[in-house]
Amino acid sequence: MLKNIKREKWGSKIGFILAAAGSAVGLGNIWKFPYLAGENGGAAFILIYLFSVIVIGLPLIYAEIVIGRTTNRNPVGAFVSLSKNHPFWRLLGFLGVIAGFAILSYYSVVAGWTIGYIIEAIKGTFYSFSSPTDAANHFNTLIGNSYWNVSYFILIMILTMSFVYFGVQKGIELGSKIMMPLLFIILLVLVVRSLTIENSNLGLSFLIKLNWSAVRPETFLLALGQAFFSLSLGMGAMLTYGSYMDKKDSIISSGFSVVTLDISVAILAAFAIFPALFAVGMEPNAGPGLVFHTLPIVFAKMQGGYFFAILFFILLALAALTSTISLLEVITAYFVDEKGWSRKKAVIVFGSFTILLGIPSALSFNVLSNLTINSLNFFDLIDFISSNIFLPIGGLLISIFVGYFWGKEKSIANLKQGSESFFDKFYWFGNIWFFFIRFVSPILIFLVFLRSLGII
Ligand code: TRP
């Protein structure tokens, strides 16, 4: 079953960091995090989010990376190898691969919108809007057009497939080394622009002020869920990227860098959006419509907005693309490792299958909008099942696997490899990490799970 074919590796430590940060940094950071912060108390939410990343994000990202790096396998192969082929843990690996497939199919639909919006920005469409309602109507007209929706979805899938097709070093790593620095530069340009607008201090003080009155008990669960989703946890994406990592490289410092980059992008995105938003007199509580309904108006009203709108949607598209690449890589790695397929065949076959599965999602906003189950259309349903069910179950079982089956000695020994000097100084780190994985993460993920099911 486990074939001894020569497996690829990252060309460098920074290659892993940028690729994994590319996976983590996505629509979650630039679209969702700012609106969550906007609705939940600004700086207070940011603090709660940082806390959530420390208690749930860091321990789990280390767990996933160490499983991948120890086994050098995709999620299925990894759990098969560590559990000595136990059928239950093999199933956990499958859950990851299937979740990857499902998330990719609908996430790419939204990723497609971001490319469509680069074109809208170039056409100068936003200047014809006078209110967010106009922008929302235009958005609905676009996604209501099946041709528009499906074409951009297929375009982003083809882009994703071309990176994965060329392999770990020549495709994913090279792509991340170009796209991630570009993403950072664009983000910084946008932050500087936003902070130099007249009256930007209103938005700035909103982001800096600790508004605890907007914090509700459920804010904590939102922040925990967001930390989990934003770091691409629970389905073996970090595990798969970790599987190409060299045993000499430090998981501790690489994982920490990935988490830091992910948090920085989320916070910077909020600083790019709110000062500009307040400056043109808009409200911060737009919710999910923030990026496609509110921001076009902000750009239309601000000086140089034409140019910054294009940059913003390029930023969003880059963030989305580096995430879709990692989703396709999980599926590809499974077929390459376990079934002995060539990478190229796996990419073409499963990229095409994803396109087929994604088409009903792309059509959920137009021709299939009446096809609903429990008032969820196909897109909502796949989103709900994968993000609210598969990912938390996956994360829960991964921490249970490490905490109770793989066990303390072996997992810490593997985590230490490549970080010996760190562990010499911080000899207690392994124990703390293991305590979080064994006791804290399962409980917190379970609470997030109950909330996403609407039980609490
Ligand atoms: N982290 C991505 C974002 O913030 C979304 C995501 C969740 C993801 N799970 C994933 C991306 C798994 C790649 C792989 O937008």
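Bear in mind that the values in this text are calculations on the coordinates, not laboratory data. Note that this is a predicted model, so its numbers are computed, not measured. Note that each Cβ is placed from the backbone with ideal geometry, even for glycine, and that neighbours are counted across all protein chains shown.
Okay, here's what the table says:
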item: Axial C-alpha extent at least 15 Å, average Kyte-Doolittle at least 0.5 - helices from the chain (DSSP); result: 13-24, 58-71, 87-123, 146-165, 174-196, 217-230, 251-279, 305-339, 343-362, 441-452
item: Gap separating the Cα centres of segment 367-446 and segment 82-148, nearest whole Å; result: 23 Å
item: FRET efficiency estimate (nearest 0.05) - Cβ-Cβ, TYR306 to ILE443, R0 56 angstrom; result: 0.70
item: Farthest toward positive dipole pole in the chain [+1 Lys/Arg, -1 Asp/Glu at C-beta], among VAL440, GLY340, PHE163; result: GLY340
item: Shape of segment 205-269, Cα gyration tensor, a/c cut at 1.5; result: prolate
item: Highest to lowest packing among 165-171, 323-329, scored as the average C-beta count within 10 Å; result: 323-329, 165-171
item: Theoretical FRET efficiency, 1/(1+(r/R0)^6), r = Cβ-Cβ of THR141 and SER352, R0 25 Å, to 0.05; result: 0.30
item: By average C-beta atoms within 10 angstrom, highest first, the peptides 443-449, 183-189; result: 443-449, 183-189
item: Förster-model FRET efficiency, 45 Å R0, SER130 and LYS339, C-beta, rounded to 0.05; result: 0.20
item: All-pairs Cα distance distribution in segment 54-105, expressed in whole percent, bin size 10 Å; result: 26, 46, 28, 0
item: Paramagnetic label zone (point 7 Å from Cα along Cα-to-C-beta, LEU376; backbone N under 19 Å) in segment 344-364; result: 357-364
item: Ranking of ARG73, ARG216, ARG7, ARG193 by count of other Cβ atoms within 10 Å, fewest first; result: ARG216, ARG7, ARG193, ARG73
item: Kirkwood Rh and Cα Rg combined as Rg/Rh, segment 299-384; result: 1.14
item: Contour minus Cα-Cα distance for PHE256 and ILE208 (0.36 nm per residue); result: 14.8 nm
item: Extreme residue, positive dipole direction of the chain, given options LEU204, LEU321, LEU174 (C-beta unit charges); result: LEU174
item: Tensor-based shape of segment 335-450 (alpha-carbon gyration tensor, a/c under 1.5 rounded, otherwise prolate or oblate); result: oblate
item: Residue exposure sequence - TYR106, TYR147 - by fewest surrounding Cβ within 10 Å; result: TYR147, TYR106
item: Segment 116-166: C-alpha pair distances exceeding 15 Å, %; result: 58 percent
item: Cα-centre dipole for the chain with unit charges at Cβ (Lys and Arg positive, Asp and Glu negative), debye to 20; result: 1300 debye
item: Packing-based ranking, highest mean first, of 264-275, 75-86 given that Cβ atoms within 10 Å are counted; result: 264-275, 75-86
item: Dimensionless Rg over Rh [segment 201-359; C-alpha; Kirkwood]; result: 1.05
item: Farthest positive-ward along segment 236-382 dipole, Cα basis, beta-carbon charges - from SER257, PHE292, VAL330; result: VAL330
item: For segment 155-239, the fraction of alpha-carbon pairs in successive 5 Å shells from zero, as %; result: 3, 10, 9, 13, 17, 16, 13, 10, 7, 2, 0
item: Reduced Cα scattering model of the chain, Debye log10 I(q)/I(0), q = 0.06, 0.07, 0.09 Å⁻¹; result: -0.24, -0.33, -0.55
item: Near-label residues of segment 309-348 by backbone N, under 15 Å of a point 7 Å along Cα→Cβ of ILE185; result: 311-312, 314-315, 318
